Amino acid sequence: MTLRIFEALVGAGVTLLALGLWLWGIPAWVEPNDFVTVAPDLMPRVAVGFIGTLGALMCLHRLFLEPDRTSPAPIDPKSMVLTVIVLVLFAIAVTLMLTVGYIVGGVFITGALTIFMGQRKWWAIALMAICPPLMLWGFFEVLLGIPLP
Amino acid sequence: MLETVITAFSDALTIQTLVLIVAGVFIGQFFGAIPGLSALTAIAIAVPLTYYFTPVGALAFLVSINKGGTVGGSVSAILMNTPGTPEAAATAFDGHPLAKQGKGLKALKMALFSSVTGDTLSDFVLFAVSAPLALIAIKMGPTEMLSVIVFALTIIASLVGRSMFKGLIAAFLGLLLATVGLDPEGGTSRFIFGMPDLMDGLPISAVGIGVLAMAEVLRQLVMLRGAAGDSHLPLSSERPEDKRLSWAEYRGTLRTILRSAAIGTGIGALPGIGSSAAAFIGYNAAIRASKDPKSFGKGNIEGVAATEAANSSVVGANFIPLLALGIPGNVAAALILGAFIVHGIQPGPHLMTEQGRLVYAMFAAMVIANGTNLILGYFGLRVFAFAARAPAMVVFPTIGLVCLTGAFLTSGTFGLPLVVGFAVIGYLMRALEFSFVTFIIGFVLGPSFELSFRQTVILADGEIGYLFDRPIALAIFGLAAFTLARTVWRHVAHARKPEET
């Protein structure tokens, strides 16, 4: 796929999302109020309206006016998979911090990311997993007295 | 006047503020030196910490990080040809060839001295201009303020990034997310999804950490996975003249430094055009003015001076629109505006009259930070050169954890999932090349935009003719329309002339 087509699709996607928000999201999530001069949904509608219109214009621009017709789209499946893995690791760390505690979540995320980055020596992984969370915990919880989860 | 200066320095010269300035400059230089990180990342993470400081200490800390970051960015640009910060990219053009010639230390010293000189000059312009500008701005009504915000948004959208559409979409996404919370007039809920934590809106610190810091960490983790640690060139050869920067060499580049400082200050005072643009424009101006333009790019020390003076002078000038109008000049200023708000201070035309003492104390802190930047930069060059080589597998997991910690500190348990969510948004924006600069500025300006819009509607009472009674606002709206039309025209013209592009 070329960059031009990819960006046209992105523009169309943005317009569709904005349309969905305009028709369904704003009525569902913005509480109406008849006793104000400016309705509460005006600013969200202005923003969503512009986003949708600009998305459509971007789509048309890329389809008909974009001079670059050969550059490839920046789609790299491997990077996307790796990004999802890192995001899942962060989501697990957040869950651990909220349910078990900061240090457990911290040890998990720094250790897991060190392995993810390619470190295979157990002592280096252990050092990276333990030191940063303990140092941050010590700095905030012990030194500054700011409680962490 | 003298009394104001003495009071400002006595407010800034407290132990806490001095420690924070030194820590801020050090953190800024350290983050700036590491490729992939920048002062912006450090500021985003540091905003939550400032909640526990005094307002003067908090602002001094953030400004110091910003100043230190511009100096730190030159270290990896010169020694590794990998700019630590985007604005240091032009520094590498001449800095790295100098390092190859064994003159890395000389180039680093020139970067430091020109950076601090440019920054100091820009700070003095800020001190001189912000109060008179605020006096003019104070006479502006909501309609004029609305027109200024619209104008600022059009300038930002037209100048940031390669695509105007993407810049504007990102700005309006920022404006949309700024409406989360309670409606300012009637108090009804908007996009809070039954979560009381969202009633006050999305916290700027969580949005900043997610979009700016954590998204960048995410990107770097994926990009640098499995990469071996980079090594850099030696700091200098054994020859003494390669290690030192003489007064004559500095004086020889003074004209270039002053020119670049003027360019950087002018650019910094306009919203949205950041340090990177200033650095490249300053560099090009130095080439045009040089008697030997062909030496640029091959190790001309004037090239280093030109870029560093230009990108550093943006730092102070960025505060001119922030302090006078409440409009942040760039993302760093937007985050610092967030810190103002955390401390219950609203930047804008009334700031100088209502919080004059705080503003002048911040000015004093900026002067002290410049001195600290010089001293710490001079004696810490080797430390920051070492930091530039820090392995990615140590730096980025740690910064990822610091991001989560920072999110918790300001927004509690609610901040943790929020920051991960905004990291996804920030990552997608980077991957699809949507400008996070316009997004953050749109988000920060959103509440002021809505407030002035509502006030204008109420004052106009639905009559469009009201605008004709506000000639200044009308003129600024006209300028905004002209900027937008010009940008659209430029895009269409660009599309019609593919062979020239």
So, in region B:184-210, of the ones that are of a type outside the set (A, V, I, L, M) and buried (at least 24 other Cβ atoms within 10 Å of the Cβ), which residue ends up nearest to B:I425 (Cα to Cα)? B:G210
Failed criterion for A:R62 (all others in (1) under 20 Å from B:L432 (Cβ atoms); (2) buried (at least 18 other Cβ atoms within 10 Å of the Cβ); (3) within 7 Å of another protein chain (Cβ to nearest Cβ) hold): (3)
Conditions (1) surrounded by fewer than 24 Cβ atoms within 10 Å (Cβ to Cβ); (2) in contact with a helix residue (DSSP H, G or I) (Cβ under 6 Å, 6 or more places away or on another chain): number failed by B:S290: (2)
What are the pairs with Cβ atoms under 6 angstrom where one residue, in region A:132-143, is facing chain B (nearest Cβ under 7 Å) and at positive phi and the other, located anywhere, is loosely packed, with under 13 Cβ neighbours inside 10 Å and part of a helix (DSSP H, G or I)? Sequence gap at least six, or different chains. none
Across region A:12-56, which residue is nearest to the other protein chains (Cβ to nearest Cβ) among those that are surrounded by fewer than 18 Cβ atoms within 10 Å (Cβ to Cβ) and acidic (D, E)? A:E31
Just one of B:T91, B:T179, B:T188, B:T117 is in contact with an Asp or Glu (Cβ under 8 Å, 6 or more places away or on another chain), more than 20 Å from B:L270 (Cα to Cα), away from chain A (no Cβ under 14 Å) and hydroxyl-bearing (S, T, Y); which is it? B:T91
For B:I156, work out the one condition from (1) within 14 Å of chain A (Cβ to nearest Cβ); (2) at pLDDT below 90; (3) touching a Pro at 6+ places or on another chain (Cβ under 6 Å) it doesn't fulfil. (1)
So, of the residues in region B:191-206 that are under 19 Å from B:L404 (Cα atoms), modelled with pLDDT under 90 and assigned to a helix (DSSP H, G or I), which turns out to be farthest from the other protein chains (Cβ to nearest Cβ)? B:I204
Can you give me the ranges of the helices (runs of 4 or more DSSP H) entirely in region A:39-126 with at least 3 residues that are of a type in the set (S, T, N, Q) and without any contact (Cβ under 8 Å) to a residue 60 or more places away in the chain? A:77-99
Over region B:270-300, the set of residues farther than 25 Å from B:V437 by Cβ, in contact (Cβ under 8 Å) with a residue 12 or more places away in the chain and not aliphatic (A, V, I, L, M) is B:S290, B:F296, B:G297, B:K298, B:G299, B:N300
Does any residue of region B:161-169 turn out to be crowded, with 24+ Cβ neighbours inside 10 Å, of a type in the set (K, R) and within 30 Å of B:A392 (Cβ to Cβ)? yes
Can you find, within region B:207-221, the residue that is nearest to the other protein chains (Cβ to nearest Cβ) among those that are of a type in the set (A, V, I, L, M, F, W, C) and under 18 Å from the mean Cα position of the chain (by Cα)? B:M214
Can you spot a residue in region B:469-479 that is in contact with a Pro (Cβ under 7 Å, 6 or more places away or on another chain) and surrounded by fewer than 16 Cβ atoms within 10 Å (Cβ to Cβ)? no
Take region B:97-108 and flag every residue that is buried (at least 23 other Cβ atoms within 10 Å of the Cβ) and part of a helix (DSSP H, G or I). B:L98, B:A99, B:G104, B:L105, B:K106, B:A107, B:L108
Residues satisfying the stated conditions in region B:272-290, i.e. outside any helix (DSSP H, G or I) and either touching a His at 6+ places or on another chain (Cβ under 8 Å) or at pLDDT 85 or above (or both): B:S290
Taking the stated definitions as given, is B:A170 within 12 Å of chain A (Cβ to nearest Cβ), among the aliphatic types (A, V, I, L, M), touching a residue at least 24 places away in the same chain (Cβ under 8 Å) and in contact with an Asp or Glu (Cβ under 8 Å, 6 or more places away or on another chain)? no
Consider B:I441 against the criteria (1) within 22 Å of the chain's Cα centre (by Cα); (2) at pLDDT below 85; (3) over 26 Å from A:P40 (Cα atoms): it satisfies all of them except one. Which criterion is unmet? (3)
Tell me whether region B:158-165 contains one or more residues that are among the polar types (S, T, N, Q) and in a loop (DSSP other than H, G, I, E, B). yes
Yes/no for B:P48 being within 18 Å of the chain's Cα centre (by Cα) and outside any helix (DSSP H, G or I): no
Show the residue pairs that are 6+ apart or on different chains and have beta-carbon atoms under 6 Å apart, the first residue being within region B:380-391 and touching a residue at least 60 places away in the same chain (Cβ under 8 Å), the second being assigned to a loop (DSSP other than H, G, I, E, B) and surrounded by fewer than 15 Cβ atoms within 10 Å (Cβ to Cβ). B:P391/B:G229
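Conditions tested, residue by residue: (1) farther than 25 Å from B:Y51 by Cβ; (2) within 14 Å of chain A (Cβ to nearest Cβ).
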{"residue": "B:L337", "(1), (2)": "no, no"}
{"residue": "B:I345", "(1), (2)": "no, no"}
{"residue": "B:P349", "(1), (2)": "yes, no"}
{"residue": "B:Q355", "(1), (2)": "no, no"}
{"residue": "B:A369", "(1), (2)": "no, no"}
{"residue": "B:G377", "(1), (2)": "yes, no"}
{"residue": "B:V402", "(1), (2)": "no, yes"}
{"residue": "B:L409", "(1), (2)": "no, yes"}
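The values are calculated or read from the model by the stated rules, or taken from the named source; none is laboratory data. The structure presented is a predicted model; accordingly, all values stated were derived computationally and were not measured. Glycine also receives a Cβ, built like all others from the backbone with ideal geometry; neighbour counts cover every protein chain displayed.
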